[in-house]
Amino acid sequence: MAEHTPTRDEALALLKEYNKSDSLLKHAYAVEGVMRYMARKYGEDEEKWAVIGLIHDLDYERFPQEHCRKTRQILEERGWPEEYIQAAVSHGWGICVDEEPTTTLAKTLYAMEELTGLIAAAALVRPSKSVADMEAKSVLKKWKDKSFAAGVNRPVIEQGAEMLGVELRELVHDAIMGMREVREQIGL
């Protein structure tokens with residue numbers, strides 16, 4: 001199958017083919033929003049970054065034991081560009097795959113994917129239950145409480161920030177800003 005440039009509509013249809021869970025879909029929309037925001041910040045292709053953010057956990061619901069590896073297979077079978085596949089798969093680097101994020105796009109996804117979960121959890125305990133009035137400092141306060149959102153892999157986020165050469169506070173701020181753009185979609 002010849003390689004083509006996937007559209008958001010294709011990515012969304014594929015995501016929904018493999019995922020039915022509302023929480024997983026909201027996570028995908030959150031990561032998509034953050035990746036779109038970051039692409040603008042870096043002067044990169046917004047659509048490409050957003051599509052990769054949207055499909056990064058494509059296989060998670062149906063194939064949790066083969067997370068990321070199955071995504072590679074599904075996307076290859078559909079003729080997706082290797083750049084898209086590598087970026088999506090490498091967000092699991094050091095956890096479930098050996099593919100290291102090497103591009104700015106892949107490093108951004110690696111750093112932001114876990115962070116969106118922490119921000120969503122922090123938003124839900126706010127009086128507003130929203131990211132609309134959230135600041136980085138409130139997330140960083142929750143960051144220090146290891147029992148808060150204990151499932152969030154903080155070392156991955158720290159490593160991602162380091163790979164991108166940015167301070168954690170800046171990364172958190174950017175993630176919040178990206179999530180604000182999709183807050184209605186994600187219910188925050």
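Any read-out appearing in this document is the output of simple, stated calculations on the displayed coordinates, not a laboratory observation. Predicted, not measured: the structure shown is a model, and the values here were computed from it. Glycine gets a Cβ as well: all are built from the backbone with ideal geometry, and neighbour counts include every protein chain shown.
The separation of segment 57-107 from segment 118-188, counted between C-alpha centres, amounts to 23 Å. Residues T116, T104, T5, ranked from the fewest to the most other C-beta atoms within 10 Å, line up as T5, T104, T116. Listed by chain and number, the lysines placed with their C-alpha closer than 16 angstrom to that of K41 are K107; residues fewer than eight positions away on the same chain are left out. The label-point distance for R62 and Y42, in a model that sets each label 7 Å from Cα toward Cβ, rounds to 2.9 nm.
From least to most packed, judged by other beta carbons within 10 angstrom and beginning with the fewest, L140, L75 follow the order L140, L75.
Entry note, the chain: relative contact order of 24 percent, from Cα contacts under 8 Å with a spacing of 6+ residues. Each label was represented as a point 7 Å from its Cα along the Cα-to-Cβ direction; for A132 and D9 these points are 3.1 nm apart.
Any idea what the dipole of segment 31-89 comes to, in debye rounded to 20, about its Cα centre with Lys/Arg Cβ at +1 and Asp/Glu Cβ at -1? Please report the intermediate quantities before stating the final value.
Working: 9 positive and 13 negative charges, 24 e Å.
About 120 debye.
The loop-placed GluC sites (Glu not before Pro) in segment 116-188, going by DSSP, that have at most 13 neighbouring Cβ atoms within 10 Å of their Cβ come out as E135, E167. Ignoring aspartates and glutamates fewer than eight residues from K142 along the same chain, the ones with Cα atoms less than 18 angstrom from its Cα are E113, E114, D133, E158, E167, E170, D174.
Rg over Rh for segment 8-182 works out to 0.94, using Cα positions for both radii and the Kirkwood form for Rh.
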